[in-house]
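Submitted below is the structure of interest, expressed as structure tokens.
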Amino acid sequence: MPAAYPAEAKHLALRYILDAWEEAVYEGLEPDCIATAAIFAALSDMVATYGEEPVAVMCAKLPDRIRGGEFSVAQTKQ
């Protein structure tokens, strides 16, 4: 799998995903349903591109990345 993409491309891709997410919520879909579909779409595309084993290896690292806060939105303390 590619090590990295330019930050600008990552931000643009995320913006497209977040825009679609907001539209789906506006249309009445539950966020957990959208999340499940997004994860499925991402993983199935990655498997089609890179194969099952490389994606499984990447996913095996997710618990540590999640626990490390990589996917947490920064929260301000009040």
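Of all the helices (runs of 4 or more DSSP H) wholly in the chain, which have at least 2 residues that are in contact (Cβ under 8 Å) with a residue 24 or more places away in the chain?
Numbers: elements: 7-26, 31-50, 52-60, 62-67.
Result: 31-50, 52-60.
Moving on to the next point. Looking at this structure, is Ala74 out of contact with any helix residue (DSSP H, G or I) (no Cβ under 9 Å at 6 or more places or on another chain) and among the small types (Gly, Ala, Ser)? Outline the logic, then answer.
On the way: out of contact with any helix residue (DSSP H, G or I) (no Cβ under 9 Å at 6 or more places or on another chain): yes; among the small types (Gly, Ala, Ser): yes.
Answer is yes for this residue.
So which residues in segment 30-76 are surrounded by 10 or more Cβ atoms within 10 Å (Cβ to Cβ) and of a type in the set (Val, Ile, Thr), if there are any at all?
Within segment 30-76, Ile34, Thr36, Ile39, Val47, Thr49, Val55, Val57, Ile66 meet the criteria.
All of the numbers you see were taken from the coordinates with simple rules; none came from a lab. Note that the structure is predicted; figures quoted are calculated from it, not measured. Every residue, glycine as well, gets a Cβ built from its backbone with ideal geometry; the counts of neighbours run over all protein chains shown.
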